[in-house]
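*Asks:* I have a structure I would like to understand better, so I am pasting it below and will then ask my questions one at a time.
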2 protein chains.
Amino acid sequence: MGKKQASKMQIKNIADKLGLSVSTVSVVLNGRGDQVRISKETQKKVLNAAKEINYQPNIYARRLRQAANEEAPYVLALFWRRDNLNSRLGRFLEGIFQTIDLKELKIELVVQAYEPGNFMTYMDMLSSNRFSGAMICGLNEEEQKALEEREITIPIVFIGRDSQIYHSVLMDSYRTGEECAACMNLSGVKSAAFLGFEKTGRAERLMEAGFLFGCRSHDVVAKEEWNPRIEKSSYEIGYQTAKQMLSDMELPTAWLVADCRLATGIMAYCRDVGICVPKDLRIIFFENSPLLRYNRPALSSVDIPSQEMAKSALDILILAGESRMDIPIRRELLPIYQIRESSGLEQEENYK
Amino acid sequence: MGKKQASKMQIKNIADKLGLSVSTVSVVLNGRGDQVRISKETQKKVLNAAKEINYQPNIYARRLRQAANEEAPYVLALFWRRDNLNSRLGRFLEGIFQTIDLKELKIELVVQAYEPGNFMTYMDMLSSNRFSGAMICGLNEEEQKALEEREITIPIVFIGRDSQIYHSVLMDSYRTGEECAACMNLSGVKSAAFLGFEKTGRAERLMEAGFLFGCRSHDVVAKEEWNPRIEKSSYEIGYQTAKQMLSDMELPTAWLVADCRLATGIMAYCRDVGICVPKDLRIIFFENSPLLRYNRPALSSVDIPSQEMAKSALDILILAGESRMDIPIRRELLPIYQIRESSGLEQEENYK
DNA sequence: CTGAAAGCGCTTACAG
DNA sequence: CTGAAAGCGCTTACAG
């Protein structure tokens, strides 16, 4: 059953072994034995033999035959990093299926989880055109380069990475940072900071740059050297970071925090020393957790628009299917804003 | 491109139209035109014609042909409710892919999202054996009944629902409730309650029963009429519910709460009136959010073991593939315990 | 009750 | 540079 070392066993093998014809075996195996009035005895023999050699039908052959009069579906591959199978994937899939519904597409979605750094394993499936199209998320630079060197003929969309060769859909991180600044009520704010991680990617650095630029253009002091480089998320680190920063900065201030899991620590410190959010400290977190909204003050967040990204990616594949694209399409999307009390802005809920 | 109304267009159509042979067209379409030295002109003609008739290759035919010497993969269908595409799906997929890796299986995973109440649409795919096996999650009773009446030959595992006909994997909710009671430090606890929803399913009622039974067997008073029937999750409802309940109950008490999104409201009320968790109130929430652990006190939770369920489901399918099962297999799993400070137990982290 | 034959749509040697 | 033929593994009329 799918074990790599399993031998190739087919209906013909069973038929030969039993001295029956291929059709008889096929009928029995499909559960139509009674219907076609194959003797109970023969049926039993077939079933046993199938069991014995661990027969697994070739689904592709079956489908090719059965679906003779149907339209062949578009087989879409979604490559996703194995270490990142979380709610973001759920929302991405939601986007895919919504689009499928909306446009009445006939798509079969195959999810392939790959070990980070081990994408090459799947390269052959792409270059031998085993899918109608593919979306690839979470590739590292080397892998992307290797993929770009092989000329793949099926349309490919990169999710969250830019490409000169293939299509791509990403979040506009710089503008996100900028707009987060705009989302905060910056009147009266004296200083601003971006709380990011030590080891981080291009997207976070862009967001930081955008945020600082946005604040400065409102005459808010924002020095890059203020921004802490956090090692990882924890309550204590959130608490300590807040403590340290607030001792340096002049209230009120505005923060964009790279990970909402720092929220509890930061908010606890504020509570402990009587810093009022949003009066003294405006704050927006990156990435969303349902619990943020249930906090008091309700905490603001910006999040990757996974659903929109899926939609765009699928749109691109459709387009690429309909007309051979010479130039890669590139779409940059804005995030999902959950602007709530902590930002200092009046309105609850969606900013846009 | 996958549109339902698209006409069936094949290589042969292109070949006929252009007065070329099928092989020439095929070679060009696969990007091997230069390699086989098809004239540029012919290539262009082919490509244009393909574009024009919006040609989409039949992936099944291609695979059948190409993979002649490979073993055909096991095609696994995962049916998931469209309105539930969240992090639970992510963890479920993680379980699947881990098992695939561990057992070195060759499986192609097809994800099918279905509209709740509309599962029947996919019935034909199951009864015509278009998959090697299927996992079905989130079915309602009618749908399950309809599916059980059709005799499907491919192995099927229900996720989260019991069945007399097909295999099933579920969480043991009653025992979960019981064990939650056991997880709390019940010495000195005077009363206990289960905070559940107005409209809810069998699983939650079982958990409630188990929890109350568990508390009572430790001589903790637990009256079913104390248990509130919550309408939905919000900060305010959490706050008000806590207020109301704590006015009736004698401290210290133990609570199992059906939804962690009530946590912020409940904890805020406790803070406001000086109720100390876990000294006065032991508390465990159902379902997990990363933010729970980052609270102080760190909040305990029990969560659906989606990953384990996926593993078990795949194990069952493998078994069913290897030997024709006459009796449905049924596996009940225990949840994931994240027992932290709020339960009153000493140890941090995993209970088991 | 069982078997021989056709054919699903494609790719790949092979021949020219 | 292009075409004719074989064949992937299966199911489905059809014939007996």
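*Asks:* Taking a cut-off of 19 Å, what percent of all Cα-Cα pairs in the stretch B:10-115 are separated by more than that? Could the numbers behind the result be given before it?
*Replies:* Numbers: 3407 of 5565 pairs.
Distances greater than 19 Å cover 61 percent of the Cα pairs.
*Asks:* Still on this model: Mind telling me which of A:ALA192, A:ALA242, A:ALA49 comes out most flexible in a GNM of chain A, alpha-carbon contacts under 10 Å?
*Replies:* Among A:ALA192, A:ALA242, A:ALA49, the largest GNM mean-square fluctuation belongs to A:ALA49.
*Asks:* May I ask for the Kirkwood hydrodynamic radius of the protein assembly as shown, worked out over all distinct Cα pairs and given in angstroms to one decimal?
*Replies:* Details: mean 1/r = 0.0353 Å⁻¹.
One over the average 1/r among Cα pairs gives 28.3 Å for the protein assembly as shown.
*Asks:* While we're looking at this one, here's another question. Please report, in cubic angstrom per residue, the volume enclosed by the convex hull of the alpha-carbon atoms of chain B.
*Replies:* On the way: hull volume 67.4 nm³, N = 352.
It is 191 Å³ per residue.
*Asks:* Run the simple label-point estimate for B:ARG202 and B:LEU251 please: 7 Å along Cα→C-beta, distance reported in nm.
*Replies:* Taking the two extended label points, one gets 4.1 nm.
*Asks:* How much of B:HIS218 can a 1.4 Å solvent probe reach, expressed as accessible area in Å² and rounded to 10?
*Replies:* Solvent-accessible area, nearest 10 Å²: 100 Å².
*Asks:* Would you mind telling me the antiparallel percentage of the DSSP bridges in the protein assembly as shown, rounded to 5? If you can, show how the numbers build up before the last one.
*Replies:* Values: 13 of 91 bridges.
That works out to approximately 15 percent antiparallel.
*Asks:* How many partner chain Cβ atoms sit within 10 Å of a residue's Cβ in peptide B:50-62, on average, as a whole number? Mind dumping the intermediate values first?
*Replies:* Values: counts 1, 4, 1, 0, 3, 1, 9, 6, 9, 15, 14, 6, 9.
Taking the mean over all residues of the peptide, I get 6.
*Asks:* Let me ask something else about it. Using the Kirkwood radius over C-alpha pairs as Rh, can you work out the diffusion coefficient of the stretch A:11-67 via Stokes-Einstein at 37 °C, viscosity 0.692 mPa s, in µm² per second?
*Replies:* On the way: Rh = 11.5 Å.
The diffusion coefficient I find is 286 µm²/s.
*Asks:* At 1.4 Å probe size, with no ligands or nucleic acids counted, give the accessible surface of A:VAL22 in Å², nearest ten.
*Replies:* In the full protein context, A:VAL22 sits at about 70 Å².
*Asks:* Follow-up. Just which residues of the stretch B:287-301 lose 50 Å² or more accessible area with every protein chain there, against their chain alone, with the probe set to 1.4 Å?
*Replies:* By number: B:LEU291, B:TYR294, B:ARG296.
*Asks:* Here's a follow-up. Show me B:271-277, B:40-46, A:151-157 ranked by packing, highest mean number of other Cβ atoms within 10 Å first.
*Replies:* Working: B:271-277: 13.6, B:40-46: 15.3, A:151-157: 19.7.
Per-residue Cβ counts within 10 Å, averaged per peptide and sorted highest first, yield A:151-157, B:40-46, B:271-277.
*Asks:* Hey, could you get me the Stokes-Einstein D for the stretch A:203-266, Kirkwood radius over alpha-carbon pairs, 25 °C and 0.890 mPa s, rounded to whole µm² s⁻¹?
*Replies:* Numbers: Rh = 12.5 Å.
It comes out at roughly 196 µm²/s.
*Asks:* For chain A, what is the accessible area per residue in Å², given a 1.4 Å probe and the full set of protein chains? Walk me through the numbers on the way to the answer.
*Replies:* On the way: 15720 Å² over 352 residues.
For chain A, the solvent-accessible area averages 45 Å² per residue.
*Asks:* Could you let me know the centre-to-centre spacing of the stretch B:118-164 and the stretch A:166-190, using Cα atoms, in angstrom?
*Replies:* Result: 46 Å between the Cα centres.
*Asks:* Give me a single rounded figure for A:71-84: the average over its residues of other chain Cβ atoms within 10 Å of their Cβ. Don't jump to the answer; show the numbers that get you there.
*Replies:* On the way: counts 10, 12, 5, 7, 10, 2, 1, 2, 0, 3, 0, 5, 1, 2.
Partner-chain Cβ atoms within 10 Å, mean over residues of A:71-84: 4.
*Asks:* Over chain A, with every protein chain in place, what whole percent of the accessible area is carbon and sulfur at 1.4 Å, could you tell me? List each step's numbers first, then the result.
*Replies:* Details: 7350 of 15720 Å².
Carbon with sulfur: 47 percent of the solvent-accessible area.
*Asks:* Report, for A:ASP162, each distance to the same residue's label point in the other copies, shortest first and in nm; define the point 7 Å along Cα→Cβ.
*Replies:* 5.8
*Asks:* Once you average over the residues of A:172-181, how many Cβ atoms of partner chains fall within 10 Å of each Cβ? Each step should come with its number before you reach the end.
*Replies:* Working: counts 0, 0, 0, 0, 0, 0, 0, 0, 0, 0.
Taking all residues of A:172-181 together, the mean is 0.
*Asks:* Only Cα pairs within less than 10 Å get springs; with that Gaussian network setup on chain A, which residue of A:GLU179, A:GLU236, A:GLU70 has the largest fluctuation?
*Replies:* A:GLU70
*Asks:* Moving to a separate point now. Need the full-extension length gain, A:ASP83 to A:GLU52, defined as separation in residues times 0.36 nm minus the C-alpha distance. One decimal, nm.
*Replies:* Between A:ASP83 and A:GLU52, full extension yields an extra 7.4 nm.
*Asks:* Quick one: label points 7 angstrom along Cα→Cβ at A:ALA146, distances to the other copies in nm, smallest first?
*Replies:* List, nearest first: 4.6 nm.
*Asks:* I would also like to ask the following. Put a point 7 Å out from Cα along the line to Cβ at A:ASN118; what are the distances to that point in the other copies, in nm, shortest first?
*Replies:* 3.7
*Asks:* Output the pairs from B:LYS190/B:LYS243; B:LYS103/B:LYS311; A:LYS311/B:LYS44; A:LYS51/B:LYS106; A:LYS45/B:LYS145; A:LYS44/B:LYS103 with a Cα-Cα distance over 21 Å in this structure; if there are none, say none. Could you put the intermediate results ahead of the total?
*Replies:* Values: B:LYS190/B:LYS243 17 Å; B:LYS103/B:LYS311 11 Å; A:LYS311/B:LYS44 31 Å; A:LYS51/B:LYS106 19 Å; A:LYS45/B:LYS145 31 Å; A:LYS44/B:LYS103 30 Å.
A:LYS311/B:LYS44; A:LYS45/B:LYS145; A:LYS44/B:LYS103, as the Cα separations exceed 21 Å there.
*Asks:* Sticking with this one: For the interface of chains A and B, what total accessible area is buried with a 1.4 Å probe, rounded to the nearest 100 Å²?
*Replies:* Values: alone 19600 and 19600 Å², together 31440 Å².
Chains A and B together bury roughly 7800 Å² of accessible area.
*Asks:* Something else about it: Just report the Cα centroid separation between the stretch A:28-98 and the stretch B:236-278, whole Å.
*Replies:* 50
*Asks:* Here is a further query. Once amide H atoms are placed 1.01 Å from N in the peptide plane, what residues at a sequence separation of 5 or more from B:ARG330, or on another chain, have their amide H within under 5 Å of its amide H?
*Replies:* B:SER168
*Asks:* Continuing with this model, one more query. Give the accessible area for B:ASP162 in Å² (nearest 10); use a 1.4 Å probe, count only protein heavy atoms, and leave out ligands, DNA and RNA.
*Replies:* 60
The values are calculated or read from the model by the stated rules, or taken from the named source; none is laboratory data. Quick caveat, the model's predicted, so the values are computed rather than measured. Using ideal geometry, Cβ is built from the backbone for each residue, glycine included, and neighbour counts are taken over all protein chains shown. The accessibility values were calculated without ligands, DNA or RNA, using every heavy atom of the protein model including side chains. Shrake-Rupley method; radii C 1.70, N 1.55, O 1.52, S 1.80 Å.
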